[in-house]
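The structure under discussion appears below in the form of structure tokens.
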Amino acid sequence: MTASLALVLIPGPNHLYITARGLAQGRTAGLASAFGVEAGTLVHIAAAAAGLSYVIKESATLFAVVKWAGVAYLLYLGVRAFTGKEPEGAAPPPQPLRKVFLEGVLVNVLNPKVALFFLAFLPQFVDPGAGSPALQVVLFGLTLLLLGLVSDIVYACAAGALGTRLNSRARALRYVSGVVYLGLGVVTAFAGRK
């Protein structure tokens, strides 16, 4: 739990995504994106428990496919933020919360670093003599998920409060969101397999 907490407290791409959503659309959208990100974590937990993360790690082709799908999606979100049109001085139309949630899921699922985290970090705590290794991975993953969710909620609420104060600057917030998405895409593009 201590090691997971240390990792959760370091801001990363998920926090940047949640912050961009909270700034652009408010606390409710920030929270929806946070829950989406952690729903994506459930996918990684299931994949790690089933051994799929190992396959992705060992296959350069599969790793590249997941990585570049994630890059393409983040760049799409960034370009969409820059090209969105709204009447002068008006806030951009809010995205439906279901869509915000699903984008959070995709941002996390298409992040190969998360899959590698579950493969490289959590297994070192698995004790083969303590029962099912898959069940242990699930329990460790759920612990990480709960800690991550608390952290994500803090980011969502803070960004939502700040976004509400800055809503008169809707265009600037849209551009900030676009820069965050594009930046995440570039960082993901240059991320290695280790």
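Quick one: Karplus J couplings for segment 145-153, per residue in order, coefficients 6.51, -1.76, 1.60, θ = phi - 60°, nearest Hz, x for Gly and Pro?
For segment 145-153, the Karplus-derived couplings read 4, 5, 5, x, 5, 4, 4, 4, 5 Hz, x marking Gly and Pro.
Expressed as a fraction of 2.2 N^0.38 Å, the rule-of-thumb size for a compact globular protein of N residues, what is the C-alpha radius of gyration of segment 10-53?
My calculation over the Cα atoms of segment 10-53 gives 1.35.
Would you please give the FRET efficiency between Leu135 and Val65, computed as 1/(1 + (r/R0)^6) with r the Cβ-Cβ distance and R0 = 25 Å, to the nearest 0.05? Could you put the intermediate results ahead of the total?
Working: r = 29 Å, r/R0 = 1.17.
Computed FRET efficiency for Leu135 and Val65: 0.30.
A short reminder: the numbers here are calculations on the coordinates, not readings from a lab. Remember, it's a predicted structure, so these values are computed and weren't measured experimentally. Cβ coordinates were reconstructed from backbone atoms using ideal geometry, including for glycine residues, and neighbour counts include every protein chain displayed.
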